[in-house]
Amino acid sequence: MKIAFVHCPFNHKKFAENLKVVDEEFCVAPPIVLAYVAAIAERAGHKVALFDCRVFRWSMKEAAEKIKRFGPDLLAFRFDTYNFHQTLSWARYLKERFKIPVLAGGINFSLYPFESMTHNTIDYAIIGEAIYSLPRFLEVLERGSDFSKIPGLAYRNQEKVKLNPPTEELANFDDYPFPARHLLPNERYSSFLTQRRNYTIMLTTTGCPYDCPFCAIASLPYRVRSSQSVIAEIRECYEKYGIREIDFFDATFFMNRERDFAIFRAIQKEGWDIEWACRSRVDVVDDEILKEAAKAGCRRVYFGIESSQPEVLKAIRKKINISQIRRAIDTSHRYGIKVMGFFMVGNPGETKKTVENTLKFAKRLNLDFVQFSRAIAKPGTQWAKDLARESGGDYWREFILGKVEEKRLPTPWTNLNEEDIEKYTKRAYYSFYFRPRHLLRIILRIRSFAELWRYIRVGCRMLFSYFSLDIKTKEVI
Ligand code: B12
Ligand code: SF4
């Protein structure tokens, strides 16, 4: 069977946590999830192609022309919640054009399977993991039509949606094939902070063992790949795809010390000239691990800090404290690792004063980069469940059903209103990045013309967004 995996363009949504400029400029990353699913189909003996319409900026029509040359029997899409309708419109267009079935999967099908299947464009969907269900589904689709025994499959039978429960058993992450990077234009990807090409993203764990109520990853099962598996994937990236920079997208790296040390030793022993970045909690790092990470090419760590106010950190159940934050940042800097701090504006109990204090703290910490996001009730989180209970309706469910427009969600946990949160977030970026000392620090570190151009472009957009605020807001912080 010939399967066309399609990665559609997506853009900033009103309910998103990030400012538009951040969503649009932060990264054009490879669609690694689709590359995983494509690799599963390929391992099962099918012919696959992956069309990254986002990176090539293809219109639907252009994408259709490329896909036509491949001549698929099946179209496959990954759906997240935010971009559900945007992806659906692509699926609808291509399905009408090719008159072939549409297969769907992705996190939104674990959260809202029935609601997603109310849209007739989607013929089949895999709920949960594709590793075992997808090969079985493709086999049945090719040879027969009894879908009733495929775990985690959603399909239609005489116009009725059928939903087979997914298997309870969780696959070992080591059993996954490596993402099918041979189907991707690896030389085209980059992030705002990328220093080298080729650049890729990689996953060495899924989920997270913590349970922060605002986080969508907290509900996903935590699985860890072995050092051997990760090292083999790095080797493949380095030798086969010329990759020289890796962004580990794990929710929180540095949680499995012995495994991590084994990975660091292998990178050094093999002499792989790579630089890498990762995300981490501040309370799982220490001198030893950051020192070894730096020796193995770690150049940036993104720490989830969220707030400087103990009462806010307590309210969001982050389970970290100020001295852990300071220690993690100072230690990273000691070993030449740059630090990005993630903060949220509009947390439970947040006031103008707490935002102001957090911003002052971020400046004092000597962070290299910051990201301020709006605290929102993301789909699948405890906050979203609480909001649905208190407001008597689940916005995300209604959104998938197509009954409500894209809009900002209420934040009843703070007295700050929607406008305040938006303004303080913009103000925080301006106030952090446009300090003369910080600007000079950035300029002195620029390593290429491309990097300079990136900073100018994003800087101008941030300035524009700040100057569109009214005078009163500018004076707030
Ligand atoms: C890597 C990643 C990305 C990558 C790659 C995405 C891609 N298209 O391949 C990039 C950086 C591009 C990305 C972008 C975005 N992401 Co993202 N991403 C992740 C991340 C960190 C890891 C996902 C992963 O690799 N999992 C490992 C794979 C093996 O497991 P899996 O995802 O569960 O996939 C399995 C099944 O779902 C199923 N499956 C998945 N897709 C498909 C498709 C088909 C056809 C089939 C049959 C099966 C199937 O099979 C897979 C293998 O078993 C997750 C957070 C997390 N830790 O999970 C966020 C996450 C999924 N992303 C999220 C979001 C919001 C986005 C963006 C909207 C962000 C933005 N505003 O720009 C965009 C939208 C991207 C898009 N439309 O594709 C949210 C989703 C929330 C939601 N309910 O919608 C998450 C949970 C992060 C978060 N903190 O909220 N993302
Ligand atoms: S915020 Fe970080 S630590 Fe908390 S659940 Fe999410 S990924 Fe884990």
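Quick look at the numbers
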| quantity | calculated |
| --- | --- |
| Subset of region 361-406 [more than 16 Å from ligand 2 (Cβ to nearest atom) and assigned by TED's automatic domain parsing to the domain that holds Arg279] | Phe361, Ala362, Lys363, Arg364, Leu365, Asn366, Leu367, Asp368, Phe369, Val370 |
| Hits in region 311-328 (condition: within 19 Å of Gly349 (Cβ to Cβ), in a helix (DSSP H, G or I) and either in contact with a strand residue (DSSP E or B) (Cβ under 7 Å, 6 or more places away or on another chain) or of a type outside the set (A, V, I, L, M, F, W, C) (or both)) | Glu311, Leu313, Lys314, Ile325 |
| Members of region 401-434 that are aliphatic (A, V, I, L, M), in contact with a Phe, Trp or Tyr (Cβ under 9 Å, 6 or more places away or on another chain) and in contact (Cβ under 8 Å) with a residue 12 or more places away in the chain | Leu401, Leu409, Leu416, Ala428 |
| Unmet requirement for Ala38, which otherwise passes all of (1) surrounded by 15 or more Cβ atoms within 10 Å (Cβ to Cβ); (2) closer than 23 Å to Gly402 by Cβ | (2) |
| Test for Cys237: is it within 16 Å of ligand 2 (Cβ to nearest atom) and crowded, with 18+ Cβ neighbours inside 10 Å | no |
| Among (1) farther than 23 Å from Ile305 by Cα; (2) more than 16 Å from ligand 2 (Cβ to nearest atom), the one test that Arg223 misses | (2) |
| Arg437 touching a residue at least 24 places away in the same chain (Cβ under 8 Å) and exposed (fewer than 13 other Cβ atoms within 10 Å of the Cβ) | no |
| Of the criteria (1) assigned to a loop (DSSP other than H, G, I, E, B); (2) more than 22 Å from Pro179 (Cβ to Cβ), which one Val22 fails | (1) |
| Subset of region 269-285 [touching a strand residue (DSSP E or B) at 6+ places or on another chain (Cβ under 9 Å) and either within 16 Å of ligand 1 (Cβ to nearest atom) or without any contact (Cβ under 8 Å) to a residue 40 or more places away in the chain (or both)] | Trp276, Ala277, Cys278, Arg279, Ser280, Arg281 |
| Only one of Lys240, Lys269, Lys291 that is assigned to a helix (DSSP H, G or I) and within 19 Å of Ser226 (Cα to Cα) | Lys269 |
| Number of the exception - Asp211 against (1) over 14 Å from Cys27 (Cβ atoms); (2) in contact with a helix residue (DSSP H, G or I) (Cβ under 9 Å, 6 or more places away or on another chain); (3) within 13 Å of ligand 1 (Cβ to nearest atom) | (3) |
| Any hit, region 167-185, residues being within 17 Å of the chain's Cα centre (by Cα) and not assigned by TED's automatic domain parsing to the domain that holds Phe109 | yes |
| Residue within region 149-158 that is small (Gly, Ala, Ser) and closer than 30 Å to Ile234 by Cα present | no |
| Residue ranges of strands (runs of 3 or more DSSP E) in region 129-221 with at least 3 members buried (at least 20 other Cβ atoms within 10 Å of the Cβ) and not small (Gly, Ala, Ser) | 199-202 |
| Thr205, sole failed condition from (1) in contact with a helix residue (DSSP H, G or I) (Cβ under 7 Å, 6 or more places away or on another chain); (2) of a type in the set (S, T, N, Q); (3) within 16 Å of ligand 1 (Cβ to nearest atom) | (1) |
| Some residue of region 294-310 being in a helix (DSSP H, G or I), buried (at least 22 other Cβ atoms within 10 Å of the Cβ) and at pLDDT 95 or above | no |
| Phe253 within 16 Å of ligand 2 (Cβ to nearest atom) and touching a strand residue (DSSP E or B) at 6+ places or on another chain (Cβ under 8 Å) | yes |
| Odd one out for Ala450, checked against (1) closer than 28 Å to Arg334 by Cα; (2) of a type in the set (A, V, I, L, M); (3) assigned by TED's automatic domain parsing to the domain that holds Glu306 | (3) |
| Test: residue in region 60-81 that is hydroxyl-bearing (Ser, Thr, Tyr), at pLDDT 95 or above, within 12 Å of ligand 1 (Cβ to nearest atom) and outside any loop (DSSP other than H, G, I, E, B) | no |
| Count - residues of region 82-118 that are part of a helix (DSSP H, G or I), within 12 Å of Leu401 (Cα to Cα) and among the aromatic types (Phe, Trp, Tyr) | 2 |
| Enumeration of residues in region 188-198 that are more than 12 Å from ligand 1 (Cβ to nearest atom) and modelled with pLDDT of 95 or more | Arg188, Asn198 |
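Every residue, every condition in (1) touching an Asp or Glu at 6+ places or on another chain (Cβ under 9 Å); (2) within 16 Å of ligand 1 (Cβ to nearest atom); (3) over 16 Å from Trp383 (Cβ atoms), yes or no:
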| site | (1), (2), (3) |
| --- | --- |
| Asp287 | no, no, yes |
| Ala293 | yes, no, yes |
| Ser307 | yes, no, no |
| Glu311 | no, no, yes |
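The values are calculated or read from the model by the stated rules, or taken from the named source; none is laboratory data. Everything numeric here is computed off the predicted structure, so don't read it as measured data. Cβ sites come from the backbone with ideal geometry, for glycine too, and all protein chains shown count toward neighbours.
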